[in-house]
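Everything below concerns the one structure shown next.
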Amino acid sequence: MADNSRGASPQYRRPPPSEEKMREVNERRGANSSKLRSMFMGPKLQEMMRTMLPRHMSPERMIRMSITATQKTPKLLDCSPDKMIGSFLGCSALGLEPNTPAQHIHLIPFWNTKEHEYDIQVIVGYRGFLELARRTGLMTEIHADVAREKDVFEHEFGTETKLRHVMQINGEARGDPIAAYCYVRMTDGQAFAV
């Protein structure tokens, strides 16, 4: 018996779906996939994507990535094609690639209890936020890290801001985390937050 519950008690484990239910799901996904592909091939949607995308991305590339996202996450096909198109257009507006190894933006299918259907949550990953920040041209460098008990970590706020982190690298355990920080060198100065 397949366990889809991630450690739930036996009385709360869902039984595996019946063959009939799986056949129904696969038929719906196939129909949604066909409808999605035909919508993507339409000139109206491609032109809409062209106007939304940054110069470094083409509508054809975004369409390929969107189709690949549905192949990698088949549950996306449980959502209506309109919701999928809406989420892909959202990715296009930001110029971020959905569900790729770059991990810029994630499309997460979930059951919407209010609407009684599957919906898509669009989540920008930290790498997506970094990409968006880099595109502004206002920063030249960014670094985030975690300081641990055995590291040398000093920070000072005020008129003379200071951040110094020297990692303990002699092979011993560095200890528990004591602080996390992000350092950004802006084109007009620097900033950090601890």
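The values are calculated or read from the model by the stated rules, or taken from the named source; none is laboratory data. Since this is a predicted model, take the numbers as computed values, not measurements. Cβ sites come from the backbone with ideal geometry, for glycine too, and all protein chains shown count toward neighbours. These accessible areas exclude ligands, DNA and RNA; they are computed on the full protein's heavy atoms, side chains included. Shrake-Rupley method; radii C 1.70, N 1.55, O 1.52, S 1.80 Å.
For this structure, a couple of remarks:
- Between 0 and 90°, nearest 10: helix 19-41 axis offset from the chain longest Cα axis: 70 degrees
- Amide proton proximity set for Ile178, modelled H, under 5 Å, gap of 5+: Ala147, Arg148, Glu149
- Glu19, Glu24, reordered so the largest accessible area comes first (probe 1.4 Å): Glu19, Glu24
- Computed in the context of the full set of protein chains, the accessible area of the chain at 1.4 Å probe radius has 54% of its extent on carbon or sulfur.
- Lysines whose Cα lies under 21 Å from that of Lys114, excluding same-chain neighbours fewer than 8 positions away: Lys75, Lys83
- Oblate is the label for segment 27-138. Its Cα gyration tensor axes, ordered a ≥ b ≥ c, give a/c of at least 1.5 and b/c at or above a/b.
- Near Ile105, the amide H atoms lying under 5 Å from its own belong to Glu97, Asn99, Thr100, Gly125; only residues 5 or more places off or on other chains count, and H is placed 1.01 Å from N.
- Angle in degrees between helix 126-135 and the longest Cα principal axis of the chain, rounded to the nearest 10: 70 degrees
- Accessible-area value, Glu131, 1.4 Å probe, nucleic acids and ligands omitted, Å²: 50 Å²
- Anisotropy class of the chain from Cα gyration tensor, a/c 1.5 cut: oblate
- Normalised per residue, the accessible area of segment 30-70 is 58 Å², obtained with a 1.4 Å probe and no contribution from ligands, DNA or RNA.
- Computed FRET value (nearest 0.05) for Gln168 with Ala193, which takes r as the C-beta separation and R₀ as 25 Å: 0.65
- The 3J(HN,Hα) values that the Karplus relation (6.51, -1.76, 1.60; θ = phi - 60°) gives for segment 91-103 are, in residue order, 5, 5, 4, 7, x, 10, 8, x, 6, 10, x, 5, 6 Hz. Gly and Pro appear as x.
- Sequence-separation-based contact order of segment 78-176, relative, with Cα cut under 8 Å and 6+ spacing, percent: 17 percent
- Average accessible area per residue (Å²) across segment 96-186 - probe 1.4 Å, nucleic acids and ligands excluded: 66 Å²
- Gyration tensor (alpha-carbon) shape descriptor, segment 140-194, a/c threshold 1.5: prolate
- With respect to the chain, whose longest principal axis is taken over its alpha-carbon atoms, helix 59-72 is tilted by about 80°.
- Residue-wise HN-Hα couplings along segment 77-83, as the Karplus relation 6.51 cos²θ - 1.76 cosθ + 1.60 with θ = phi - 60° gives them from phi, are 6, 7, 7, 5, x, 4, 5 Hz; Gly and Pro carry x.
- Counting only aspartates and glutamates at least 8 places from Lys150 when in the same chain, those with an alpha carbon closer than 17 Å to its own are Glu172, Asp176.
- Highest average packing first - 108-120, 84-96, Cβ atoms within 10 Å: 84-96, 108-120
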